[in-house]
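First up is the structure itself, then whatever we jot down about it.
The values are calculated or read from the model by the stated rules, or taken from the named source; none is laboratory data. For clarity, every value in this text was computed on a predicted model and none was experimentally measured. Methodologically, a virtual Cβ is constructed for each residue, glycine included, from the backbone with ideal geometry; neighbour enumeration extends over all protein chains shown.
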Amino acid sequence: MKVCITGDSILMEPLPESYTDLNAIRDYIGQADVRINNMEMVLSRYDQFASTYCGGLWVTAEPERLDDVLRFGFNCFGFANNHTMDYSYGGVKSTMDAIKSRNVPVCGAGMSLAEATAPAMVDTKEGKVAVLCITSTCDDAARAGDAGHVIPARPGLNMLRHSETFLVNAEHMKALEEIAAVTHINGRINNSKAGGYTVSKPGIFNLGTVDFKLSDVEGKHSAPHPQDMERMRLAIEQAKKEAEYVIVCFHSHEIKGDDDEEPDYFIEEFARSCIDWGAAAVVGSGTHQIKAIEIYKEKPIFYSIANFIFQSEKPKQFPPDYHDRYGIDRSLSAQEAIYIRSNGGTRGLETQFKNYTGLMQIVEFDGEKVTKITLKPVELGFYHEDKTVKGLPHNANAEVTQLVFETLQRLSLPYGTKLTCENGLIQVLL
């Protein structure tokens, strides 16, 4: 069994005739029996109302862009990420309907929490593969919900909630308490606690909505939500009864410190737990950059394989909320608004080359055993003179391949993972 997983796709425009790498990319992906991509855009005809929140900006494109993405040969999509609910419940439904109408399995969102949690099943001649998709980065209002005895289920996505606690010494804790006293930032919360509406956490001092704990060693602690962990454990164990392999895809922008290259503590705990529960591989994306690879109990965890298609700077329309957020005249077009926000294209994700590399990896299995892991770097046209191909996946040249290899080596070293690079391909030593 061969499984290929690629990163996030945001495609705003049709593939141009000048894009010549399609066949090469498709041929590489096509080696695999299961070919997974994370759809990071809502599919609509701009006929769905926008949520009050978004995943950074409101991302939607016509359903025909899905047909363009399918030209790469994918046979499974995930749809749990920070943009899933950019256009509210209608956007979730229009996207799921568009994917299902092409007879492609999809997971990660739906009309209920049960549907959002349920795996996409991919049947192959080598066996059946279950794919689960979840995100930790989204507004809580995007979270799908269960039905009650009478009240119907809530549409949304499969969310991994988590907690953050900041550890401070006695001197810093005293300063926080003094700040709370003079600003009255905790007034409403304390009244809510007194009324039993907000639950106090033992050993925790909150400054507004941020939790602090006294500790000799200062820093941060994060942990996944126990209820979501239990739900995913049951989902993986049930999927194992129906499929030979379970692949878990997660989307996360949370980090340990100040650098986007490090996955947060709760993500490490979640990913390793998925392997413990029976997952054959865990694959992450989210912050647009490549992150470490860990081999845990002889199974791979890819903390981020970054982007596959990245055209976030090319939307046709924005809701008025985008213009209002940045104080931009509502009469201006989406492209004009982006130009102003980005200070003439000099700041933002689209100005950094590190956001324009990614990985396509093929994981090979023989029974339960992982026998081979091959990674092919892609670059997304950042330096191409033809700007119509910016954001589209291209075969990485020798220089970019070496850069990606060295980055992976550096980030994976703390996890004990060893890599080699030859003929444009990176191999994980098992």
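Things to note:
- Test: R330 is modelled with pLDDT of 95 or more, surrounded by fewer than 19 Cβ atoms within 10 Å (Cβ to Cβ), charged (D, E, K, R) and within 30 Å of G381 (Cβ to Cβ): no
- Subset of segment 282-312 [part of a loop (DSSP other than H, G, I, E, B) and either in contact (Cβ under 8 Å) with a residue 60 or more places away in the chain or within 16 Å of the chain's Cα centre (by Cα) (or both)]: T287, H288, Q289, I290, K291, A292, E298, Y303, S304, I305, Q311, S312
- Condition check for P393: of a type outside the set (S, T, Y), within 25 Å of T135 (Cα to Cα) and under 19 Å from the mean Cα position of the chain (by Cα): yes
- Some residue of segment 247-267 being of a type in the set (S, T, N, Q), within 24 Å of R143 (Cα to Cα) and part of a helix (DSSP H, G or I): no
- All of (1) over 26 Å from H253 (Cβ atoms); (2) within 34 Å of the chain's Cα centre (by Cα); (3) at pLDDT below 95 hold for A194 with one exception: (2).
- Checking each residue in segment 313-368 for being in contact (Cβ under 8 Å) with a residue 24 or more places away in the chain, closer than 30 Å to E126 by Cβ and assigned to a loop (DSSP other than H, G, I, E, B) picks out only E368.
- Residues located in segment 377-430, provided they are part of a strand (DSSP E or B) and not charged (D, E, K, R): P377, V378, H394, N395, L419, T420, C421, L425, I426, Q427, V428
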